[in-house]
Amino acid sequence: MQNGRHLSLSAGHGPAPDLQRRRLLALAGLAGAAPALLSACAGASPGATAAPPTPASALQAYPPMAPGAESGADAAVHRQIQALGRGINFGNIFDAPREGDWGLRADDSLIDLVGEGRFTRSVRLPVRWSNHASTDAAARIDEAFFARVERTVDRLLARGASVLLNIHHYRQLDGDPLDPGETPVDPAVVDLRFLALWVQIAERFANRGPALMFEIYNEPHGRLEPLWNDLLSRALRVIRRQNPTRVVVIGPTEWNSARALPRLVLPADRFVSLTVHHYEPFRFTHQGAEWVSPRLPLGVDCCDAPQRAEALALLDQAAADGRRRNHPVLVGEFGAYSKAPLEARVRYLRFMRDAMEARGLPWMAWELASGFGIYDPVAGRMRPELFDALFGA
C-alpha cells in the first residue's frame, strides 16, 4: 500500500505477468523499490518468502563461462537476428501452468498460420518447463510434455520458421508467488533445477539447425536481480557444451527492461544476442487489464507527443546499448491489450513497428491469439486492422 494505492495482480491470463508487476510499481512511483515490494504489494500470499541464493559450492557442477571481456557478436549472429524482422509470440500456450489452462493449445490450426501470405516466419515459443519437471534438483522433464513441445518446434521449423525457445515463468526462480496449478519445490534446489532444465533442453535440441535459437530466461526480476549475471553465465556454459554456435538470446533484469541494460554483464561469447521487452506507455497498453489492480481506466488514446517520447526513449537506450557492445538487439515483446480502443491499438502498433525498424530493432509482438492477439481463434481469422498494422505494407 503506497499513496492510497493497493498494488496487486491476479494470476490470470496476463500477457506477461512479470513485466506487468514491474510496470504497475512504476506507475505508483515505486520503480526503484520494485524488488523489495513485490512480495508485499503484488499479490504474494502471506508468509511467502523467496528462496535464498544457492551457495557457490552447490553450483560446482555448473561452472560459469570463462572470464573475459565482452567480445561483440559474430557477423552471422547480427545477420540472423536482423533476418527475424517482424515476428510473433506463441504466448499463453506452453507458458501457462498447463497447456490449455489459459485457453490455447499448440494446435496445428495455429502452427499452420506461420508463413502463410504476409504472416511471419519468426516465432518466439515461451515454455514453463519448471512446472513439468520433477521437484528435485535433477528437474527431470516429463517426457509427454517434452515431446509435445518438441513436436511444436519441429512443426514450426518444417514450415521454414525461425524459432526462439525459452524458459518462461519459473515463479520461484524470481521469488514470485506461484500461479494456480503450480507445484512448489524446495527452495534449496530452485537454481539447480533451472540449470538442470537447460542441460536437458540443450541436449534434446542439439541436432536442430541454426534456425532454432535459445533464450535463457524470460524477464528476470525480483530474487534474480543480484544473481542474474552469474546464473546466466552458468546456463550459457551448459548450453555451449552441445550447442557451441547456436544463437542464445539474453535480456537484462527488471523484466527485460532497457533500463537495466547497464547492469547486464554478457559473457565473452560471440553467438549471443540481447533482448528487451517494451510496454510503454503502460497506461495505454494495459488499460482495463483484469490482472492489474486498481484497474487502469478505459478510453486512453495513443499516441500523443509525451507517449511517443516515453516509448522512444527506451528504444533508443536499447539500440545504443547494442551498438556499444556490438551485439544485436531483439524486442522480444510489445503489444496493447484488447480493452484499448481498436483505432488507438492500430496507431500504437504501427508507431512501434516503424520506430523499431527505424532503429534496426527486429521484433516479436505479444501475442498471437489471446488478449493481445492479432488472430481470432473463434472466428478462425486474423483481425485485419491489427494484422495490417504489424505485417501490412
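What follows is calculated from the coordinates using simple rules that are stated; it is not laboratory data. It should be emphasised that the depicted structure is a prediction, and the values quoted were computed from it without experimental measurement. All Cβ positions, even for glycine, are placed from backbone atoms using ideal geometry, and neighbour counts span all protein chains on display.
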So for R0 = 45 Å, FRET eff. of GLN242-GLU116 from the Cβ-Cβ r, to 0.05, ends up at 0.85
Taking amide H atoms as placed 1.01 Å from N in the peptide plane, list the residues 5 or more away in sequence, or in a different chain, whose amide H sits under 5 Å from that of LEU164. VAL123, ARG124, LEU125, MET213
Computed about the Cα centre, the charge dipole of the chain from +1 Lys/Arg and -1 Asp/Glu charges at the Cβ has a magnitude in debye, to the nearest 20, of 660
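Set the Förster distance to 30 Å, then compute FRET efficiency between ASP108 and ARG270 from the Cβ-Cβ distance, nearest 0.05. Please list the in-between numbers first.
On the way: r = 37 Å, r/R0 = 1.23.
Approximately 0.20, to the nearest 0.05.
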Rg and Dmax in Å for the stretch 88-225, alpha carbons only: what are they? 14.9, 49
Given R₀ = 30 Å, what would the calculated FRET efficiency be for ASP316 paired with ALA393, taking r from the Cβ atoms and rounding to 0.05? 0.70
Using only helices, what value at 222 nm comes out for the chain when you add -39,500 (n - 2.57) per DSSP H run of length 4 or more and divide by the total residues, to the nearest 500 deg cm²/dmol? -10000 deg cm²/dmol
Return the sequence-ordered ³J(HN,Hα) values of the stretch 98-104 in whole Hz as given by the Karplus equation 6.51 cos²θ - 1.76 cosθ + 1.60 applied to θ = phi - 60°, using x for Gly and Pro. 9, 3, x, 4, 9, x, 10
Check which residues have an amide H placed less than 5 Å from ILE141's amide H, if you skip close sequence neighbours. SER134
Listed candidates (i) 1.64; (ii) 0.93; (iii) 1.23 - label of the one calculated as Rg/Rh (Cα atoms, Kirkwood Rh): (ii)
Determine ³J(HN,Hα), in whole Hz, for all residues of the stretch 232-246 in sequence, where each value follows from phi through the Karplus function 6.51 cos²θ - 1.76 cosθ + 1.60 and θ = phi - 60°; x replaces Gly and Pro. 5, 5, 5, 5, 4, 5, 4, 4, 5, 4, 10, 9, x, 10, 5
Apply the Karplus parameterisation 6.51 cos²θ - 1.76 cosθ + 1.60, with θ equal to phi minus 60°, to every residue of the stretch 354-363 and state each ³J(HN,Hα) to the nearest whole Hz, in sequence, with x for glycine and proline. 5, 5, 5, 5, 5, 9, x, 10, x, 8
